[in-house]
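Enquirer: Following this message is one structure expressed as structure tokens.
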Amino acid sequence: MSTEDKPVPASSAAAPRSLAEALRGRDDASLAALLRSRPDLITPVPTDLTQLATRAGTRASVVRALERLDRFALQTAEALAVASDPATYEELLGLMAGDEGDPAVAAALPHALGTLREQALVWGGDDRLRLVRTARELLSPSPQHPSPTGLGPTVQEATAGMSPGRIQEILAAAGLPSTHDSVSAVAALTELFTDRRRMAALLADAPAESLQVLERLVWGPPYGQVTADPAPRLRWLLDRGLLLPTAPGTVVLPREVALHLRGGRAHRTPEPVPPPVETAAAHRPQAVDAAAAAQAYTALATVEELLKDWDEGGPSVLRAGGLSVRDLKRTAVALDVPEPVAAFWVELAYAAGLIASDGEADERYAATPAYDEWREQPAAERWARLATAWLTATRVSGLVGGRDAKDRALSALGPGLDRSAAVEVRHRVLALLAGLPAGAAPVPESVLARLHWERPLRGGQNGRGGQNTGSGAGGGEAGDDLRSRIARWTLSETELLGITGRGALSSHGRALIGAPAPPEPEAEPEGPGDKLPVHHRPAPPLAPLPPAEQAAASAAAARLLAPQLPEPLDHVLLQADLTAVAPGPLQRPLADMLGVLADVESKGGATVYRFTPGSVRRALDAGRTAADLHAFLAAHSRTPVPQPLTYLIDDVARRHGQLRVGAASAYVRCDDDAMLNEILADRRAAGLGLRRLAPTVLAAQTDPATLLEGLRAMGFAPAAESAEGDVLISRAHAYRTPPRSAPEPVPEGPPVPDDTLLTAAIRAIRAGDRASTAPRRQIAPDSSGDGGSGGLPRTTAAETLAAMQAAVLTGEALWIGYVNAEGAASQRVVAPIRVEGGFVTAYDHTADEVRTYPLHRITGVAELAEDD
């Protein structure tokens with residue numbers, strides 16, 4: 001007898017008989033919640049609720065839905081998979097809370113069950129709970145895929161292939177009377193194993209060694225190996241059916257026996273409450289904002305330094321795409337950071353659209369035109385652009401240096417770094433930080449444990465939703481899956497970007513994700529070494545914001561950050577040891593000029609520049625004169641210009657340009673004959689192939705650039721000149737790629753529909769469902785149509801015209817069959833508005849719009865019968 005034929009309580013007399021009927025009984029708000037949580041169900045929009053239910057039961061959709069369940073909701077689904085079908089709420093509560101009961105489980109179970117119902121994974125009333133068939137198949141135990149609960153098959157399933165004689169032997173050994181058939185024998189054995197008192201009496205007589213065997217199997221896996229001649233401790237269990245053979249040499253602990261030994265619980269450790277996010281330290285919010293703002297400014301300086309290093313054209317693009325290991329090392333040295341951090345900055349600039357490949361034959365990376373626009377923006381807006389690009393990017397820089405599934409190396413800016421889960425994980429980590437009191441820095445491991453509780457199946461490798469996350473994993477085990485690694489990288493990257501300060505979320509970081517105001521702290525801020533447990537409070541259910549809302553949140557974050565950023569300075573402090581100290585960030589013209597005139601010696605809260613002959617010559621090569629340099633230093637120094645620096649500039653300027661190098665192949669020209677003699681006599685000039693052409697001219701066999709470098713290496717300060725004899729000014733040539741757009745994030749499945757799309761989709765689904773399920777009756781009882789049989793209605797042209805005209809007067813809706821110009825037939829529910837010229841204009845409930853139909857393409861018409 002099927003489950004549908006069994007008697008049910010009166011309260012379930014009108015219970016839905018299928019998932020489609022259960023969906024049909026939902027209101028629009030409930031359907032919208034389903035489609036919002038499972039957006040793949042409306043891609044494309046189903047024609048009716050039957051098709052929606054069918055799609056909700058497909059394997060791919062169910063796996064995706066299971067992966068988005070939190071640990072307790074998943075445990076509830078796993079319990080339903082081993083419960084009877086249908087199950088009652090009391091049976092489910094017993095499997096979750098056990099015989100002794102657990103108040104926390106009892107309090108949380110309705111919410112978990114509501115989540116499963118909302119996502120159409122469970123349907124039916126509390127007296128007939130049904131897990132959708134696909135989910136049951138994914139979560140049910142089998143020899144190939146043990147259940148996450150660690151339970152084995154039922155007695156009925158395990159004895160399916162056993163001989164009737166062997167079943168009767170088990171009954172006799174268990175002290176049960178023999179029966180006339182195997183069905184009643186299995187039922188008697190099942191009744192014994194589910195009777196707590198009788199099972200306790202049976203196990204009281206068991207040898208201690210046999211009980212130890214049961215203890216090893218009770219929490220799974222329930223399968224074990226035996227020899228052809230089992231030991232006495234195993235023979236005692238096999239004789240009484242406490243272990244049942246499933247294959248030669250393999251036995252299993254029946255589900256009913258395991259549940260008795262577990263005290264009725266399906267899981268060793270139900271986890272109804274998410275693990276709390278603990279705080280490692282608490283700081284003053286003002287100190288957090290100040291630290292985050294300082295790091296935000298450092299982030300801007302680092303990105304500018306990176307782009308300045310690539311200003312004349314960056315490294316070459318590998319044939320397979322991306323940066324070579326050598327180029328990444330060079331970039332790390334230039335930025336004075338470790339290679340993983342350098343990869344982060346490179347990927348961040350790429351995500352923000354500031355660098356790209358130039359697309360030339362000899363392809364290389366360079367700054368984009370957007371970089372020049374970005375540099376002109378205020379500092380806070382520049383930071384907001386970087387932070388938003390990081391927040392919404394799916395490329396994960398932490399993967400650089402690893403290997404992909406085909407064992408190929410993953411390189412910075414190369415393919416294979418996109419991970420669609422990155423956006424959700426970043427937002428979730430920041431949302432958890434937003435749930436802490438202002439200034440509270442979390443314990444990283446507690447963040448990972450919380451994320452693992454919220455998505456226990458994400459990052460798993462089995463794909464069937466069957467990894468052992470439900471029973472024995474424990475609430476604190478976060479694992480080393482992809483989501484955990486992304487979360488770890490997120491915590492460090494937020495500190496690099498200045499979204500957090502001292503490990504705590506800043507006020508501008510909170511605004512960046514659209515989080516509400518922080519909760520009030522439960523204790524006074526303590527020192528960084530104290531751990532302050534924070535009671536569990538649900539974190540704000542923040543999801544990635546739509547583009548328009550994210551733009552507004554980024555603007556709000558920029559407004560909060562702007563007052564925290566230091567004002568650029570217009571001065572430096574010159575010192576007698578040929579250094580200049582910038583006590584803070586410098587205004588752009590001053591920083592650019594100082595970067596040419598001096599070399600950066602150290603960075604930090606203050607930047608130290610050192611003046612050298614080479615740096616001064618570099619400024620002179622750029623077209624500056626000694627007078628220009630003296631005036632510049634005098635105007636921007638808060639201290640007097642030291643005499644050694646004045647002497648250095650004058651000395652280099654005096655020698656600068658005495659030698660002139662031009663193209664012959666190359667030549668050296670100088671009015672000082674003694675200097676030319678000195679060059680010819682120098683052994684280091686042997687490789688330049690110099691010979692005297694005239695008292696003031698030397699010819700070289702090398703090109704001008706090589707000749708310039710060679711003479712500078714010998715300690716001279718030559719200047720290049722043009723064919724007309726003018727000094728060539730050497731300025732850095734800014735190389736830019738053609739306009740490039742930032743890389744598009746890789747979406748994680750279909751996007752969550754907005755309210756407008758949801759409303760239209762629900763209207764279309766309900767209209768289609770009305771067309772396919774509404775009772776109908778033919779217009780003419782004697783017409784030869786099959787409208788009453790569920791096919792297209794068939795009426796004559798005269799009957800169709802008359803019905804349409806009558807419906808225009810009464811305003812009633814009709815069910816029509818329609819064949820379009822391509823010959824495709826469909827059923828529609830329409831409300832005729834007017835009929836003229838062989839066409840009917842009607843409101844189409846299925847399409848939710850007014851349409852015009854040729855009457856000759858309408859196969860027939862039927863009225864929608866009134867519901868009983």
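Where a number appears in this text, it was derived from the coordinates with a stated rule and is not lab data. From a predicted model like this one, the values you see are computed outputs, not experimental measurements. Here Cβ is always computed from backbone atoms with ideal geometry, including for glycine, and neighbour counts include all displayed protein chains.
Enquirer: Would you please classify the overall shape of segment 674-723 from the alpha carbon gyration tensor, given that a ≥ b ≥ c denote the square roots of the eigenvalues, rounded means a/c under 1.5, and beyond that prolate means a/b larger than b/c while oblate covers the rest?
Expert: Cα axes put segment 674-723 in the rounded bin.
Enquirer: Here's something else I'd like to know. Helix 28-37 sits at what angle to the longest principal axis of the chain, using alpha carbons and giving 0 to 90 degrees rounded to 10?
Expert: Approximately 50 degrees, to the nearest ten.
Enquirer: Using only the Cα atoms of segment 50-91, build the gyration tensor, take square roots of its eigenvalues as a ≥ b ≥ c, and label the shape rounded, prolate or oblate: rounded if a/c is under 1.5, else prolate if a/b is larger than b/c, else oblate.
Expert: oblate
Enquirer: Compute the longest continuous run of the chain that contains no exposed trypsin sites (Lys or Arg not before Pro); treat a site as exposed when its DSSP state is not H, G, I, E or B and it has at most 13 other Cβ atoms within 10 Å.
Expert: 18-318
Enquirer: Given 20 °C and 1.002 mPa s, how large is the Stokes-Einstein diffusion coefficient of segment 228-343 in µm²/s, with Rh as the Kirkwood radius over Cα pairs?
Expert: 98
Enquirer: Please state the relative contact order of the chain as a whole percent: Cα pairs under 8 Å, 6+ residues apart? Walk me through the intermediate numbers first.
Expert: Values: 1490 pairs, mean separation 104.8, N = 868.
Averaging sequence separation for qualifying contacts and normalising by length gives 12 percent for the chain.
Enquirer: Along the Cα→Cβ direction, 7 angstrom out, place labels at Glu744 and Thr759. What is the inter-label distance in nm?
Expert: Between Glu744 and Thr759, the label points sit 2.8 nm apart.
Enquirer: Another question about this same structure. Please report, in debye to the nearest 20, how large the charge dipole of segment 207-364 is about its Cα centre when each Lys and Arg carries +1 at its beta carbon and each Asp and Glu carries -1 there. The partial results should precede the final answer.
Expert: Numbers: 15 positive and 21 negative charges, 296 e Å.
Around 1420 debye, computed over segment 207-364.
Enquirer: Please report the net charge: other residues with Cβ closer than 13 Å to the Cβ of Thr388, K and R +1, D and E -1.
Expert: Charge balance near Thr388 sits at +1.
Enquirer: I'd like to know which of Ala674, Pro718, Ala361 lies farthest towards the positive end of the charge dipole of the chain, counting +1 on Cβ of Lys and Arg and -1 on Cβ of Asp and Glu.
Expert: Projecting each Cα onto the dipole axis, the largest value belongs to Ala674.
Enquirer: Rg over Rh of segment 323-434, using C-alpha atoms and the Kirkwood radius, what does it come to?
Expert: 0.98
Enquirer: What's the FRET efficiency of Glu100 with Val333 using the Cβ-Cβ distance as r and R₀ = 51 Å, to the nearest 0.05? Each step should come with its number before you reach the end.
Expert: Numbers: r = 64 Å, r/R0 = 1.25.
With a Förster radius of 51 Å, E is 0.20.
Enquirer: Decide, for the chain, between rounded, prolate and oblate: order the square roots of the alpha carbon gyration tensor eigenvalues as a ≥ b ≥ c, take rounded if a/c falls under 1.5, and otherwise choose prolate if a/b is larger than b/c, else oblate.
Expert: Prolate, because a/c is 1.5 or more and a/b exceeds b/c.
Enquirer: So, one more: What ranking, highest mean first, results for peptides 171-184, 344-357 when packing means the other Cβ atoms within 10 Å averaged over each residue?
Expert: Per-residue Cβ counts within 10 Å, averaged per peptide and sorted highest first, yield 344-357, 171-184.
Enquirer: Shifting gears a bit: Given charges of +1 on the Cβ of Lys and Arg and -1 on the Cβ of Asp and Glu, with all other atoms neutral, how large is the dipole of segment 228-315 about its Cα centre, in debye to the nearest 20? Mind showing how you got there, number by number?
Expert: Details: 9 positive and 11 negative charges, 256 e Å.
Charge dipole of segment 228-315: 1240 debye, to the nearest 20.
Enquirer: Something else now. Can you sort His283, His856 so the residue with the fewest Cβ neighbours within 10 Å comes first?
Expert: Values: His283 21, His856 11.
Ascending number of Cβ neighbours within 10 Å: His856, His283.
Enquirer: Using alpha-carbon pairs under 8 Å, 6+ residues apart, how would you state the relative contact order of segment 660-720 in percent?
Expert: Answer for segment 660-720 is 40 percent.
Enquirer: I've got another one for you. Relative to the first principal axis of the alpha-carbon coordinates of the chain, what is the inclination of helix 208-217, with its axis defined by its Cα atoms, in degrees from 0 to 90 and to the nearest 10?
Expert: 60
Enquirer: Here's a follow-up. Given +1 on the Cβ of Lys and Arg, -1 on the Cβ of Asp and Glu, and no further charges, what dipole in debye does segment 660-720 carry about its Cα centre, rounded to the nearest 20?
Expert: Dipole magnitude for segment 660-720 comes out near 140 debye.
Enquirer: Can you check what the net charge comes to around Gly710, using other residues whose Cβ is under 13 Å from the Cβ of Gly710 (Lys, Arg +1; Asp, Glu -1)?
Expert: Residues close to Gly710 contribute a combined charge of 0.
Enquirer: Now for a separate question. Under the definition of Cα pairs under 8 Å and six or more residues apart, what whole-number percent is the relative contact order of segment 360-419?
Expert: Numbers: 30 pairs, mean separation 14.1, N = 60.
Contact order relative to length: 23 percent.
Enquirer: Helix 755-773 sits at what angle to the longest principal axis of the chain, using alpha carbons and giving 0 to 90 degrees rounded to 10?
Expert: 30
Enquirer: In segment 85-132, with Lys and Arg counted as +1 and Asp and Glu as -1 at Cβ, which of these residues, Gly101, His111, Val122, has the Cα nearest the positive end of the dipole, that is, farthest along it?
Expert: The residue sitting farthest along the positive end of the dipole is Val122.
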